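The values are calculated or read from the model by the stated rules, or taken from the named source; none is laboratory data. None of these values were measured; they are calculated from a predicted model. When we count neighbours, we look across all protein chains shown, and the Cβ atoms used for this are built from the backbone with ideal geometry, even at glycine.
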Amino acid sequence: MKLTSGIHSILVTGVDVVSIAASARRAGYKVFSVDFYGDIDLRHICEESLSIIRQCLGKSCGLFERDYKVNLLLKLIKKLLKKHSVDGVVFGSGLEDNPLVLEEINDMIPVIGNTPELHVKVRDKKKFFQTLRQLGISHPQTTVIDNFDEAKKRVKDLGYPVVLKPITGFGGSEVQRIESERELKEAFKIVSSSNKGYMVQEYISGIPASVSLISTSKDVVALSVNEQLLGVRRLGMWSPFGYCGNIVPLSSSMQVFKSCKTVAERIISHFGLVGTNGVDFVVSKEGIPYVMEVNPRFQGTLECVERVYGVNVVKAHVEACVDRRLLRKTFVSRGFCTRLILYSPQRAVVPDLRAFYGVRDVPLIGAIVEEGEPLCSITSVGVTRDASLRKGQSVAESIFKALLPSHQG
């Protein structure tokens, strides 16, 4: 459907959309949501909120890998739109690799953001890395593979360690660092039963980072350069590349900051992306930003970017997409903001998390969160990176101590 001016109501959809919905509400929009988790703080923000998981006292909140299906999101979107007239839809994570679903959504309600065709351009990993090579942009050597023999041959050229990752997906939980042929063989025994395609990638040692941007079809501006937190075991994440949050801004030299922004803006301009988009990097020890992927939708950094730079990202996104007006201001950091995602260390009963400072994505009191599943997130601020991080970590430790094991089946 064609997007028109005069946006007053917004549907927010994706796996986890609390921060997007809250930003939209602060910007003055009437907000509706369809997501996976259905956390209680989301229900308080929205006019109506539908979710795949129905959180109940004494009942499990499910397993994401088993229970998340994009078609279930689509079904709930159809249900909500039968009841409400909504001006447009914006996306969080979870739909970017499903262009057919995006097209079906766009047939029902105007998309405020990138078209399904633009999603394909940046999420087709083989073509994406070919484009980066043509543009002369640093990136890990990457090969899409179909079987173990192809992977073994490619690794012989790259040398260990390498990274084995699915072509589609988000959050990093299925990404593996492979140190030997034995590990490669074991990994393929597991992934061979999956319907996902895989790629072998050169391992780049460095700091995981990202750039958050806003763009129109003619211009682009980088809002922030961010540090990504991956595989943090003290937060309950045991996958080495699993997403655990971020720190805004990235604490680095001005040269690294500028290099990340310049490369990210060049990529967004080349592909013609609009609205808010994110570019993920690994910054090597030499200070070279290696591009990992583009996320053509709202990013997990949203709340931290807003806190540090004093900008409403949803409002800026709508103005860029609808009015073709780019945010114009000097982005001066007001300290640091950390977002931590906590994963349950055991099958646990949810305590009253509202009692803890800075907690977001709050499940129902008395519901059961399975081991390894997201429990909540924490946002904390500080005058330095470490002060901001320590404050969040302190709250995380208190929450973990408050968890009670669940013995219910």
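Considering only the range 47-63, I want to know if a residue exists there that is under 22 Å from VAL318 (Cβ atoms), out of contact with any helix residue (DSSP H, G or I) (no Cβ under 6 Å at 6 or more places or on another chain) and either acidic (Asp, Glu) or modelled with pLDDT of 95 or more (or both).
Yes, the range 47-63 has at least one match.
Where residues in the range 229-255 are farther than 23 Å from GLU371 by Cα and not in a loop (DSSP other than H, G, I, E, B), which of them is modelled with the lowest pLDDT?
Filtering the range 229-255 for residues that are farther than 23 Å from GLU371 by Cα and not in a loop (DSSP other than H, G, I, E, B), the one modelled with the lowest pLDDT comes out as MET254.
Within the range 370-385, identify whether any single residue is outside the structural domain of LYS59 (by TED's automatic domain parsing), in a helix (DSSP H, G or I) and under 22 Å from ASN226 (Cα atoms), and answer yes or no.
Yes, the range 370-385 contains a residue that is outside the structural domain of LYS59 (by TED's automatic domain parsing), in a helix (DSSP H, G or I) and under 22 Å from ASN226 (Cα atoms).
Are there any pairs with C-beta distances below 7 angstrom linking a residue in the range 77-91 that is assigned by TED's automatic domain parsing to the domain that holds ALA21 to a residue that is in a helix (DSSP H, G or I) and buried (at least 21 other Cβ atoms within 10 Å of the Cβ), with the two at least 6 apart or on different chains, and if so which?
ILE77/ILE105; VAL89/ILE105; VAL90/ILE20; VAL90/HIS317
As an exercise: evaluate SER253 against (1) surrounded by 15 or more Cβ atoms within 10 Å (Cβ to Cβ); (2) closer than 20 Å to GLU265 by Cβ; (3) not β-branched (Val, Ile, Thr) and give the number of the one condition it does not meet.
SER253 satisfies all of (1) surrounded by 15 or more Cβ atoms within 10 Å (Cβ to Cβ); (2) closer than 20 Å to GLU265 by Cβ; (3) not β-branched (Val, Ile, Thr) except (1).
So if I check each of GLU117, GLU104, which one is assigned to a helix (DSSP H, G or I), in contact (Cβ under 8 Å) with a residue 24 or more places away in the chain and over 18 Å from TYR290 (Cβ atoms)?
Exactly one residue qualifies, and that residue is GLU104.
Every residue in the range 9-50 that is part of a loop (DSSP other than H, G, I, E, B) and not β-branched (Val, Ile, Thr), please.
Scanning the range 9-50 gives GLY14, ASP16, ALA27, GLY28, TYR29, PHE36, TYR37, GLY38, ASP39, CYS46, GLU47.
Does LEU57 fit the bill of being over 23 Å from the mean Cα position of the chain (by Cα) and part of a loop (DSSP other than H, G, I, E, B)?
yes
Look at LYS218 and say whether it is surrounded by fewer than 19 Cβ atoms within 10 Å (Cβ to Cβ), basic (Lys, Arg), on the phi < 0 side of the Ramachandran plot and free of Cβ contacts under 8 Å to residues at least 60 places away in the same chain.
Criteria not met by LYS218.
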